[in-house]
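Quick notes on the structure that follows.
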Amino acid sequence: MMTFCFTGIRNFSKLWKSNPYLGLSPGHSYLSLFFKDCYGVGNQQKWFSLKTVSAQNTKAGNLLIAKARYFRKGDEGSNKQVSSDSHLFAAGAAKKRSQMNPHKEDHALPPVRNTIQLPTKPLNSQEWDKLKEDFKGKANFESWIILQMAHSHSSIDVAKSLLSWVAAKNNGIVGYDLLVRYLYLCIFHKQTSEVIDVYEIMKARYKRLEPEGYTLLIQGLIHSDRWKEALLLLEDIKKVMVPSRRNYNDCIEGALLHQDVNLAWNLYQELLDYDLIPPLKTLKTFFDFGKNIKDDQYSNKLLDILLYLRDNHLYPEESFAHSIKTWFESVPGEQWKGQFTTVKKSGHCLGCGKTIESNHLSPEEYEFLKGKIMRDVIDGGDQYKKTTPQELERFQNFVKCCPPFDIVIDGLNVAKTFPKARESQVIFAEMINSVRHQLHQNFLHELLDVVSQLAKQNLQLLVLGRKHMLTQHSKWRKDEMKKVQQQASCFFADNISEDDPFLLYATLHSGNHCRFITKDLMRDHKACLRDAKTQRLFFKWQQGHQLAITRRFEGSKLTFQHIPSYDTVVQTTGDSWHIPYDEDMVERYSYEVPTKWLCLHRKT
């Protein structure tokens, strides 16, 4: 237990002052909190103890809140299909697919209801006693009420009255959870002078702080006239660990706020030297600061930031894209003009008509990627946990004896792409047996449909399957399997084997023209590639080679989603820039790419 001496505890509200301060987003906790231990109000003194509390209740509470926010969505989006105009990796496509084929039922907890009304004005001791008496929850009242006040951004005065009441009835002892929530409210309501007071006490009493304490103080100091002392805290962090991206973001923001441009760029370079990926917020701050500045050195550094986005396949958010556009158009004498647009299927920018870079791998890139996948995924991966060396060798010999394939098909995956129905959709009990019969109809109909359509184009096809698909069964009709085998080469692996290594091997062995069909997005195999450069190259190859199948509605003709011909990365020709960005309100998964672009070109 750490104990602090406070003066005039009966007048708790005098312990704090109100001044402008930086806001802090919710959800951040800090392990330490320190207040000035002696205030000159008369000669009265009381001891004020800071008690740490178990994190278990906090974790449980966070879990309950997370579950309470996870509402069941039902089947309202179940009839939607992914548009064939989009592609497999387009931002939002996975979200649409999940709405189209919901497999799991959500068992959400009911939302937590407040049992009492939060006070809107400071309460005296008797009023707090009454409020606690009315509280019917199982949680600790003091912890619960301060948490609700933090979530609701209650006024500082109300929170002060709570802490005064707690201190008065507990011999000056206030639990840590109350203090940290109160601190959050002080930050939210911009109490700068209090940060300075806390900083002075911490500096006098402690040689080292925990990371959260440093982060809090840095955020507070950068908005004061003592902002450079945040850099001293950054140096203290470096003595024991690598500072966080957030620490650097705050220090860079403080440097630019106080017009120290060289310091900001030095901090940015330091961040990169630690192999930290700068927050997009940090990069946006540089562009916002550079508006209307005619400085070639500064401009070149901003262009380097855009190239950094390209090299690391990073995409600015929509507000960041607006900042980039504003900066380009504001540079004196440059005459840049920007517009927000999209890219046609042909790979041409809808705004300026220029061709976006192709996602086709060069021969050198292809051979490099092929070698990496063969070593890290096929030979050096964990495929022998899912197959055997003998079977892999049998497959390699099989591929060598065949001409190069145009399309490799994951047969089992494709066969199960469009289930006929779901039992959860049955309304009447007497229909269940009929629907079950539909569910057990042969899966080969879908696979045969895909193979037949592709075979009409005189393409060399390979279907990968499992041996159980050759067994006569209601799901696997031999007559339809025979039709598949007549139109495509087929290889059937052991039932315990994984298809993906075979699919990757056959596709890469056939050459850069070969494409493949599977619903699997290959994230596990991409993770086997040991460096970021190879992973990005694999994703570029995957986008240009993986076909996806769609149907507009059940029973309709299947179609193949178009494969994008262009690479979704930041790119420039010198007199133009094309920057893909994340559109607001569109949920993009990590394996998807944006569909919106910022087109910038210099007027001539």
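In a fully extended conformation the segment linking Lys456 and Lys603 would gain 48.0 nm over its present Cα-Cα distance, using 0.36 nm per residue.
Compared with the alpha-carbon gap, the fully stretched path from Glu210 to Leu307 is longer by 31.4 nm at 0.36 nm per residue.
For a quick protection proxy, order the peptides 215-224, 368-377, 583-592 by their average other-Cβ count within 10 Å, most packed first.
In descending order of packing, they fall as 215-224, 368-377, 583-592.
Descending by average beta-carbon neighbour count within 10 Å, the peptides 459-470, 289-300 line up as 459-470, 289-300, the highest first. For Ala527 and Lys121, what is the calculated FRET efficiency with R₀ set at 45 Å and r taken between the beta-carbons, to the nearest 0.05? So the FRET efficiency works out to roughly 0.25. Using the 1.4 Å probe convention, the accessible area of the stretch 127-220 works out to 41 Å² per residue with neighbouring protein chains retained.
Checking the cross-link pairs Lys467/Lys557; Lys416/Lys533; Lys301/Lys533; Lys301/Lys526; Lys207/Lys301; Lys281/Lys526 against a 26 Å limit on the alpha carbon distance flags Lys467/Lys557; Lys416/Lys533; Lys301/Lys526; Lys207/Lys301; Lys281/Lys526 as lying beyond it.
Compactness of the stretch 469-604 was expressed as the Cα radius of gyration divided by 2.2 N^0.38 Å, which yields 1.40. Solvent-accessible surface of the stretch 458-589, taken per residue with a 1.4 Å probe and all protein chains present: 44 Å². Measuring nothing but protein heavy atoms, the accessible surface of the stretch 497-604 at 1.4 Å probe radius is 48 percent carbon and sulfur.
Apply 1/(1 + (r/R0)^6) to the Cβ-Cβ distance of Ser155 and Asp479, taking R0 = 60 Å, and write down the FRET efficiency to the nearest 0.05.
My answer for the efficiency is 0.20.
Of all the C-alpha pairs in the stretch 222-352, what % are more than 25 Å from each other? Here the long-distance tail beyond 25 Å is 32 percent of all Cα pairs in the stretch 222-352.
Annotation for Ser346 and Ser576: the two label points, set 7 Å from Cα along the Cα-Cβ direction, are 1.3 nm apart.
Remark on Asp582: its backbone amide H falls under 5 Å from those of Glu317, Glu318, a criterion applied only to residues 5 or more positions apart or on other chains, H modelled at 1.01 Å from N.
The values are calculated or read from the model by the stated rules, or taken from the named source; none is laboratory data. Computed from a predicted model, the values in this text were never measured in an experiment. Glycine gets a Cβ as well: all are built from the backbone with ideal geometry, and neighbour counts include every protein chain shown. Only protein heavy atoms, including side chains, enter the accessible area calculation; ligands, DNA and RNA are left aside. Shrake-Rupley method; radii C 1.70, N 1.55, O 1.52, S 1.80 Å.
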